[in-house]
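Following: one structure in structure tokens, then a few remarks.
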Amino acid sequence: MKSLLAIRHVPFEDLGCLEALFSESGYAIRYVDAPTADFSRLGQAVWDLLVVLGGPIGVHEQQDYPFLAQELLLLDQRLKHKAPTLGICLGGQLMAHALGARVHKNSAVEIGWKSLQLTDAGQDSSLQYFRKPVFHWHADSFDLPAGARRLAGTDQCPNQAFSFGNALLALQFHPEVTSRGLEQWYVGHTGDLHAHGLSPAGLRQDAARFAAGLANQSAAFLKAWLSNL
């Protein structure tokens with residue numbers, strides 16, 4: 001089987017609906033928790049695919065969370081060799097930073113379900129299947145690295161996805177979430193909800209409307225992306 005390393009920053013932001021799809025595609029999945037991971041040792045292993053997941057911290061909080069510097073070294077090593085890598089939310093921001101782009105506060109906090117605006121390049125990419133609302137939960141955003149292709153945006157966040165060659169893909173949005181999994185987000189990120197006047201009930205209703213459709217879109221997206229690696 002092929003090997004997949006999934007880097008988690010909080011236990012409940014995992015591969016979600018993508019996990020079974022990766023397994024069905026022949027990947028043996030290993031999770032590591034970033035705050036306690038031995039990144040130097042992980043960097044010595046050969047991973048067919050690296051997936052860097054989301055989390056509530058930021059790229060520039062390395063003084064408070066020193067593991068981020070080690071995680072970035074691992075990412076830098078992979079990106080220099082264009083080794084297959086997928087970044088989601090914080091993971092996408094870490095990829096952008098490692099590729100030399102600016103990561104910064106977004107013009108607005110995006111939490112909830114919203115459709116993507118695909119660029120021409122996005123419509124001709126594996127993201128073409130995201131035609132219905134996807135899930136967002138972020139306050140930061142990234143600029144495009146030099147040489148990257150912008151694939152999607154929203155009205156409040158112009159850079160929602162970029163590719164760098166065929167094997168490197170960074171997403172600001174969350175293709176992996178499920179209705180059941182989001183119940184843990186509502187608890188784990190309750191501070192965000194209170195700060196922005198959002199209720200779990202409202203997000204739960206939207207998840208009931210959109211999560212199944214997201215799972216179908218994500219399955220088509222992942223199959224297409226993996227086929228080009």
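Read the figures in this text as sums done on the coordinates, not as results from a lab. Note that this is a predicted model, so its numbers are computed, not measured. Counting neighbours? That spans all protein chains shown, and the Cβs are built from the backbone with ideal geometry, glycine included.
Sorted into 5 angstrom bins from 0, the C-alpha pair distances of the stretch 33-72 split as 6, 19, 32, 26, 12, 5, 0 percent.
Hey, what did the stretch 57-116 get for relative contact order, percent, Cα under 8 Å, at least 6 apart?
Details: 31 pairs, mean separation 17.6, N = 60.
This gives 29 percent for the stretch 57-116.
Computed over the chain with a Gaussian network model linking Cα atoms closer than 10 Å, the most mobile of GLN172, GLN217, GLN156 is GLN156.
If you take every residue apart from GLU61 with its C-beta less than 14 Å away from the C-beta of GLU61, what net charge results, scoring Lys and Arg +1 and Asp and Glu -1? Numbers along the way, then the final one.
Numbers: positive: LYS105; negative: ASP64, GLU71, ASP140.
That works out to -2.
The average projected area of the stretch 81-123, computed from the convex hull of its Cα atoms over all directions, is 4.5 nm². Sorting the segments 101-114, 43-56, 6-19 by their residues' average number of neighbouring beta-carbon atoms within 10 angstrom, most packed first, yields 6-19, 43-56, 101-114.
Quick one: Kirkwood hydrodynamic radius for the chain, alpha-carbon pairs, angstrom, one decimal? Taking every pair of different Cα atoms in the chain, averaging 1/r and inverting gives 17.5 Å. Span-like helix criteria (full DSSP H runs; alpha carbon extent of at least 30 Å along the helix axis; mean Kyte-Doolittle hydropathy of at least -0.5) are satisfied in the chain by 200-227.
Just for the stretch 2-227, what percent of DSSP beta bridges are antiparallel, to the closest 5?
50 percent
Cα centroid separation, the stretch 71-94 to the stretch 106-140: 20 Å. In this Cβ point-charge picture (+1 for Lys and Arg, -1 for Asp and Glu), the stretch 64-218 has a dipole of about 320 debye about its Cα centre.
Remind me, relative contact order of the stretch 2-227 in percent, using alpha carbon pairs under 8 angstrom and six or more residues apart? Intermediate results must be reported in sequence, preceding the final value.
Numbers: 428 pairs, mean separation 45.3, N = 226.
Reported relative contact order: 20 percent.
Plainly put, the stretch 104-229 has a radius of gyration that is 0.97 times its Kirkwood radius, both from alpha-carbon atoms, as the Rg/Rh ratio. Rg/Rh for the stretch 160-213 stands at 1.09; both radii use Cα atoms, and Rh follows the Kirkwood definition.
For the stretch 1-134, the percent of C-alpha pairs falling in each 10 Å distance bin, counted from 0 to the bin holding the largest distance, reads 11, 39, 37, 13, 0.
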